[in-house]
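What follows is a single structure, written as structure tokens, with notes after it.
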Amino acid sequence: MKVFLHDDYSQLTQTPGHPECPERMEAIISRLPEVISPADMIMPVPASEDQLALAHEPDHVSFIKNFGEGYMDADSYIHSHTFDMASLAAGGAIQAAEYSFDNKVPTYALTRPPGHHAGSDYGGGFCYFNNVAIAAASLLKKVKKVAIVDIDVHHGNGTNDIFSYSKDILYISTHQYGIYPGTGHFKDVGRDEGEGFNVNVPLPARSGDATFDHAFDKLIIPILKQFKPEALLISFGGDAHYKDMLASLTLSSPGYLNLLAKLKEFGAEVCDNRTSILLEGGYHTQALAEVVCGTIALFNGKEFDMKYDEVMDTDGIGNEYVGKAIEVHSKYWDV
Ligand SMILES: [Zn+2]
């Protein structure tokens, strides 16, 4: 696995006390030497404005660029350096995805700020440009089908909206029901040509390891296998972890790795290892560092000790909700 990382990913600031803070990246960087050598790390360059426009209206790009300073929404501040930082995150996402595609090697883009709440003409929820959507749109110049699996605890409303009408991009999201941004109902399946290609799996609070395992085995992996993408992108949020303070799902660190192992295997079997992971949220810095570095170790076939291994959902607390998504999607897929 190659890791895409830029020194400036630790430089971006929001406002004092904000959870999307430089310490997130510093915690990850402090553990990277345990799982990867410097020779396997690549420094990305910023996305161009033309590349940002692959997933955004030009007006949105100039809005972020020329905003000045102040709140974009209640949670997201724009500083003079935000446009450059967000462009650099999008660049990392594109270059990680392209590298993976060209070399058939899994990649991890350790980018900040996150992106999945940014739509074609809006930002929000700590997101300015939709990194994964830009990367997917960039890959679509080379291939016909790309799948995005979003395991952040929040629904990726921006990614969902950008590809709502597309049958070429399969967007699958697991997220906690009823929290920010309030979207991602299981009946939101995409529109027109894209109907059936948005797969939303909202889960009740306390859902964790057993529920996710069920969702992946009965719904997500079967749909991925039927869709047969040529590349797999993973929006990786560490905030579905039981240690995270922003939400109430309860994945353990081994629970995360169990899901990533399924995606790794799928990416190897179906996509020739064209698998790229892009960082979204995750606000308990130590748990985030543990699951990110555990994932890199997994892809490199290395052991990695994890201390946040308490399994809180052993019975499938959210299986009934998974069942609702299966019922809706049995119209489009053999699930
Ligand atoms: Zn999140």
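The values are calculated or read from the model by the stated rules, or taken from the named source; none is laboratory data. Just so you know, these numbers come straight off a predicted model, no measurement behind them. Ideal geometry is used to build each Cβ from the backbone, glycine not excepted, and the neighbour counts take in all protein chains shown.
Quick check, is Leu259 under 28 Å from Cys21 (Cα atoms), in a strand (DSSP E or B) and modelled with pLDDT of 95 or more?
When the stated conditions are applied, Leu259 does not pass them.
Criterion first (surrounded by 24 or more Cβ atoms within 10 Å (Cβ to Cβ), hydrophobic (A, V, I, L, M, F, W, C), in contact (Cβ under 8 Å) with a residue 40 or more places away in the chain and in a helix (DSSP H, G or I)) does Val291 satisfy it?
Considered against the rule, which asks whether it is surrounded by 24 or more Cβ atoms within 10 Å (Cβ to Cβ), hydrophobic (A, V, I, L, M, F, W, C), in contact (Cβ under 8 Å) with a residue 40 or more places away in the chain and in a helix (DSSP H, G or I), Val291 comes out as yes.
Which of the residues belonging to the range 95-118 are over 16 Å from His6 (Cα atoms) and surrounded by 24 or more Cβ atoms within 10 Å (Cβ to Cβ)?
Ser100, Phe101, Pro106, Gly115, His116, His117, Ala118
Looking at Ala231, is it in contact with a Cys (Cβ under 8 Å, 6 or more places away or on another chain) and among the small types (Gly, Ala, Ser)?
So Ala231 passes the test.
What pairs come up if the first residue lies in the range 140-169 and is under 23 Å from Glu20 (Cα atoms), the second is assigned to a strand (DSSP E or B) and of a type in the set (D, E, K, R), and their beta carbons are under 6 Å apart, counting only those six or more places apart or on different chains?
These pairs meet every condition: Gly156/Asp150.
Yes or no: Ile94 of a type in the set (A, V, I, L, M) and part of a loop (DSSP other than H, G, I, E, B)?
For Ile94, the condition - of a type in the set (A, V, I, L, M) and part of a loop (DSSP other than H, G, I, E, B) - is not met.
Search the range 278-288 for residues being crowded, with 24+ Cβ neighbours inside 10 Å and part of a helix (DSSP H, G or I), and hand back the single one that is nearest to the ligand (Cβ to nearest atom).
Leu288
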